[in-house]
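One structure below.
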Amino acid sequence: MSTTRTPTLPSRLPNVGTTIFSVMSALAQEHGAVNLGQGFPDFDCDPRLVEAVTAAMQQGLNQYPPMPGVPALREAIAAKLANLYRHAYDPGTEITVTAGATQGILTAILCCVHPGDEVIVLEPCYDSYGPNIELAGGTIVRVPLTPGSFRPDFGLIAAAMTPRTRAIIVNSPHNPSATVWTAEEMQQLAALLRPTDVLLISDEVYEHMVYDGRPHVSAASIPELAARTFLVSSFGKTYHVTGWKVGFVAAPAALTAEFRKVHQFNVFTVNTPVQHALASYMADPAPYLDLPAFYQRKRDLFRAGLQANTRFKLLPSEGSYFQCVDYSAIDDSVNETDFCRRLTTEVGVAAIPLSPFYADGFEQRIVRFCFAKKDETLQRALDRLARL
Ligand SMILES: Cc1ncc(COP(=O)(O)O)c(C=O)c1O
């Protein structure tokens, strides 16, 4: 018998396979397609940000920072949240720097979800939520956003709440649908949670990408929500550096204390020079205040091209850097994943189907494009899509 036998490992996540993002990106590469699938910019960040990281490294800021994050960065985050959302988080006890929003969400879930607890997710939703809840031993309770409009249905959410509900995860601006919750919807959420002890995990990674003058209504801006919220955001999205994987979680001191217990034995700390660079870069609010105009122009360029030259039906893109389209006028017979495969291999543009954002693969003939791309990339995609 061989002595080099790897033991059989029962999977903690038996239902998880390769994500649709990896599948479509690989297919895009294989076929030389313009990749509007995976959500990341194909342009560089501000060179001043790279210079700031270099400077921090050259100054010798290369050892472990304090467990919750570099104090200057936590102070800069607190100042921004106070300015924008009028909530004064204490940088000492209420803000933690994380390895991207993904770790922030996992850690928030691990620290508050006990085996048997229920966590409500609103589908379609970002793909890490479900596996994170499973890892914590929680039960995923899936509530659909209204098909077609992707607005929250508070009747359905209320009906899904039980005495075992520990938390609800909300994501606005929303990936993949590009909807933005209104102030009224956030107030409805607050009213729904008011008589309960349900926590809110508010995924606000696209907080600075809202269009047509609409505000981003952060959970932090509604005091009764802030009191029960883990607010999660990502510098990767805001500053065009998705590969840096730095984000933060802001939460009341009692929740942050539990969050940090898990955080310190999970990643312990996050990249020091990048934190110093972000702290100094954040002194200037212009880069994030200018972001809506920057992306709105790209959205409008992309939408105008699709509208003029394709048979796609465009869904509203109120926020995030996504544009969803209904392709049923082009081919109503093919499912979303097959349509995306054909779009990638035959037309040369990669998109993402919405069905993998639902546990049951719900089909609505809608696919998602990412417009966080150079104008020439968007134009190249539009030229190819004009065949449709
Ligand atoms: C809704 C949502 N949440 C979280 C993340 C992850 O952010 P990060 O790259 O900072 O981990 C993403 C990235 O695509 C996202 O779309």
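Only the coordinates and a few stated rules stand behind these numbers; no lab work does. Computed from a predicted structure; not experimentally measured. Counting neighbours? That spans all protein chains shown, and the Cβs are built from the backbone with ideal geometry, glycine included.
The gain in end-to-end length when the Ile330 to Ala79 segment is fully stretched comes to 85.5 nm, 0.36 nm per residue minus the alpha carbon separation. Rounded to the nearest 0.05, the FRET efficiency derived from the C-beta distance between Ser22 and Leu156 at R0 = 35 Å is 0.65.
If R0 equals 25 Å, the separation of the Cβ atoms of Tyr64 and Leu289 corresponds to a calculated FRET efficiency of about 0.15. Counting only residues at least eight positions apart within a chain, or on another chain, the aspartates and glutamates with an alpha carbon under 16 Å from that of Lys373 are Asp42, Asp44, Asp46, Asp300, Asp383.
Distances between placed amide hydrogens fall under 5 Å for Leu145 paired with Glu123, all partners being 5 or more residues away or on another chain.
On the beta carbon distance between Ser11 and Glu363, with R0 = 30 Å, the FRET formula returns roughly 0.65. Put a plus charge on the Cβ of each Lys and Arg, a minus charge on the Cβ of each Asp and Glu, and nothing anywhere else: the dipole of the chain about its Cα centre is then about 320 debye. Among Gln275, Gln63, Gln296, the residue with the largest mean-square fluctuation in a Gaussian network model of the chain, with springs joining Cα atoms closer than 10 Å, is Gln63.
Taking the DSSP beta bridges with both ends in the chain, the antiparallel portion is around 45 percent. Helices in the chain that qualify as membrane-span-like (whole DSSP H runs, Cα extent of at least 18 Å along the helix axis, mean Kyte-Doolittle hydropathy of 0.0 or higher) are 71-85, 100-112. Gain on full extension, evaluated as 0.36 nm per residue between Leu388 and Arg164 minus their Cα-Cα distance, stands at 75.8 nm.
Between rounded, prolate and oblate, where does the chain land on the alpha carbon gyration tensor, with a ≥ b ≥ c its root eigenvalues, rounded for a/c under 1.5, else prolate if a/b exceeds b/c? Because its axes are fairly even, with a/c under 1.5, the chain counts as rounded.
Annotation for Glu224 and Phe43: the two label points, set 7 Å from Cα along the Cα-Cβ direction, are 4.2 nm apart. Placing +1 on the Cβ of every Lys and Arg and -1 on the Cβ of every Asp and Glu, with no other charges, gives the stretch 234-313 a dipole of roughly 480 debye about its Cα centre. When the convex hull of its Cα atoms is viewed from all sides, the stretch 193-291 shows a mean projected area of 7.5 nm². Summed over qualifying helices (DSSP H, 4 residues or more, each -39500 (n - 2.57)) and divided by its residue number, the chain shows a 222 nm mean residue ellipticity of -11000 deg cm²/dmol.
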